[in-house]
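A.B. asks: Here you go, one structure.
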Amino acid sequence: MDLISISQRIKGKALDLGFTACGISHAELLQRDFDYLKRWLSEGYHGEMNYMARNVEMRANPSLILENAKSVVSVLMNYFPQINQSSDSEFIISKYAYGDDYHKVIKDKLYLLKTFIEEFFPDAKMRIFTDSAPVFDRAWAVKAGLGWIGKNTMLINPKFGSFVFIGEIIVDQYLAADNPFEKEYCGKCTACLDICPTQALIQPYVLDARRCISYQTIENAEPIPEDLAPKMKNLIFGCDLCQDVCPWNNKSKSTQEVKFNILDNLLNINAKTFEEMDDEKFSHYFENSPIKRAGLLKIRQTVNQLGANVKKN
């Protein structure tokens, strides 16, 4: 079987496994993304995410992750919810955290895809990732023809928008590559920049993470800066504002992955949800949820800081 046929079979299998899209690119140095990241880091836009400044070369060069890397199989998985959080909720969480932790859901499917690839290349060496290692996920997705990077720095697919998780398999075998997505269709639209209450998008395609609500409610262990907290409304874990207003997300369709459906205990979150919790109850309550990552102390801290915003509303 020729490489084109094998690649088509791999992409077909990915769809059969429940991925929304799949594309393939040649593994090579991503010089432009490497240069951009170095400039971004030099400005301090990564805040306290020190891991972003580690293994910078590895992010751009897949051969430093897997020896003799030849191809990158990129997948997207839609997580746009069937049911949104209750409008009566005192506090709002990002849609990506509605259901089970996407890392496990996607990795389980990627391992099945890896097993399928081994049918064609029994001796292949492969590594699997989904937002879990120094990999330029969005850049590889663009290179695989799966979309473009929008002004809000999110990957946007022209068929189903930006509410997607990204994963990849790096393979030490040559596969037939797809054409890169070389256009971008944001045009003159600035909806994402205009909606951001903390002005984290300081210009098109440039995010100052230190001002980002997602960073402040998930990554930053310290209290939210006093100048930002009043602007953050009732968003206690992540933020979807720049995606919600994107015209391309008018095409979003509900995910078919039941594990991404909103958990019943998240439908209506309020301050009382966390008042009587200890660490054990928190871990049990959010056992399979990405919210567990922030930890009870950080969530309580955020709830207390943003509680004043809720009262004003």
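A.B. asks: Report yes if residue 89 is touching a strand residue (DSSP E or B) at 6+ places or on another chain (Cβ under 6 Å), among the polar types (S, T, N, Q) and either under 18 Å from residue 177 (Cβ atoms) or outside the structural domain of residue 38 (by TED's automatic domain parsing) (or both), otherwise no.
C.D. replies: no
Conditions tested, residue by residue: (1) in contact with a helix residue (DSSP H, G or I) (Cβ under 9 Å, 6 or more places away or on another chain); (2) under 21 Å from residue 7 (Cβ atoms); (3) assigned to a helix (DSSP H, G or I).
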{"residue": "105", "(1), (2), (3)": "yes, no, yes"}
{"residue": "109", "(1), (2), (3)": "yes, yes, yes"}
{"residue": "124", "(1), (2), (3)": "yes, yes, no"}
{"residue": "135", "(1), (2), (3)": "yes, yes, no"}
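A.B. asks: Check whether at least one residue in the range 226-241 is over 30 Å from residue 50 (Cα atoms) and crowded, with 19+ Cβ neighbours inside 10 Å, and report yes or no.
C.D. replies: No: zero hits.
A.B. asks: Next up: Quick check on my filter: what residues within the range 254-293 are under 20 Å from the mean Cα position of the chain (by Cα), over 25 Å from residue 17 (Cβ atoms) and not in a helix (DSSP H, G or I)?
C.D. replies: Matches in the range 254-293: 286 only.
A.B. asks: Would a scan of the range 67-80 turn up a residue that is modelled with pLDDT under 95, over 15 Å from residue 169 (Cα atoms), out of contact with any His (no Cβ under 8 Å at 6 or more places or on another chain) and among the polar types (S, T, N, Q)?
C.D. replies: no
A.B. asks: Here's a follow-up. Return only the number of the condition from (1) in the same structural domain as residue 7 (by TED's automatic domain parsing); (2) free of Cβ contacts under 8 Å to residues at least 12 places away in the same chain; (3) polar (S, T, N, Q) that residue 162 does not satisfy.
C.D. replies: Only one criterion is unmet by residue 162, namely (2).
A.B. asks: Considering (1) more than 20 Å from residue 33 (Cβ to Cβ); (2) touching a Lys or Arg at 6+ places or on another chain (Cβ under 7 Å), say which one residue 204 fails and leave the rest.
C.D. replies: (1)
A.B. asks: Among the residues of the range 180-213, write down those that are touching a Phe, Trp or Tyr at 6+ places or on another chain (Cβ under 6 Å) and in a loop (DSSP other than H, G, I, E, B).
C.D. replies: Of everything in the range 180-213, those that are touching a Phe, Trp or Tyr at 6+ places or on another chain (Cβ under 6 Å) and in a loop (DSSP other than H, G, I, E, B) turn out to be 181, 184, 208.
A.B. asks: Pairs needed: first member in the range 30-42, more than 15 Å from residue 143 (Cβ to Cβ) and of a type outside the set (D, E, K, R); second member anywhere, in a helix (DSSP H, G or I) and modelled with pLDDT under 95; C-beta distance under 9 Å; at least 6 residues apart or different chains.
C.D. replies: Pairs found: 37/52; 37/56; 37/59; 37/60; 40/52; 41/52; 41/53; 41/56.
A.B. asks: If you don't mind, there's one more thing I want to ask. Go through 185, 205 for me and flag whichever is hydroxyl-bearing (Ser, Thr, Tyr) and touching a residue at least 60 places away in the same chain (Cβ under 8 Å).
C.D. replies: When all the criteria are applied, what remains is 185.
A.B. asks: Has the range 245-253 got at least one residue that is at pLDDT 95 or above, within 22 Å of residue 151 (Cβ to Cβ) and not in a helix (DSSP H, G or I)?
C.D. replies: yes
A.B. asks: A further question on this structure: Looking at this structure, is residue 215 outside the structural domain of residue 58 (by TED's automatic domain parsing) and buried (at least 21 other Cβ atoms within 10 Å of the Cβ)?
C.D. replies: Judged against the criteria, residue 215 is a match.
A.B. asks: Among the residues in the range 132-141, are any in the same structural domain as residue 27 (by TED's automatic domain parsing), touching a His at 6+ places or on another chain (Cβ under 7 Å), surrounded by fewer than 20 Cβ atoms within 10 Å (Cβ to Cβ) and farther than 21 Å from residue 256 by Cβ?
C.D. replies: yes
A.B. asks: Still on this structure, I have one more. Within the range 198-211, can one find any residue that is in contact with a strand residue (DSSP E or B) (Cβ under 9 Å, 6 or more places away or on another chain), modelled with pLDDT of 95 or more, aliphatic (A, V, I, L, M) and not assigned by TED's automatic domain parsing to the domain that holds residue 230?
C.D. replies: Scanning the range 198-211, I find no residue that is in contact with a strand residue (DSSP E or B) (Cβ under 9 Å, 6 or more places away or on another chain), modelled with pLDDT of 95 or more, aliphatic (A, V, I, L, M) and not assigned by TED's automatic domain parsing to the domain that holds residue 230, so the answer is no.
A.B. asks: So which of 87, 74, 132 ends up being over 20 Å from the mean Cα position of the chain (by Cα) and of a type in the set (Gly, Ala, Ser)?
C.D. replies: Only one candidate passes the filter, namely 87.
A.B. asks: List the number of the failed condition for residue 283; all other conditions in (1) touching a helix residue (DSSP H, G or I) at 6+ places or on another chain (Cβ under 6 Å); (2) hydroxyl-bearing (Ser, Thr, Tyr); (3) within 14 Å of residue 101 (Cβ to Cβ) hold.
C.D. replies: For residue 283, the failing item is (1).
The values are calculated or read from the model by the stated rules, or taken from the named source; none is laboratory data. Predicted model only: the values in this text are computed from it and were never measured. Every residue, glycine as well, gets a Cβ built from its backbone with ideal geometry; the counts of neighbours run over all protein chains shown.
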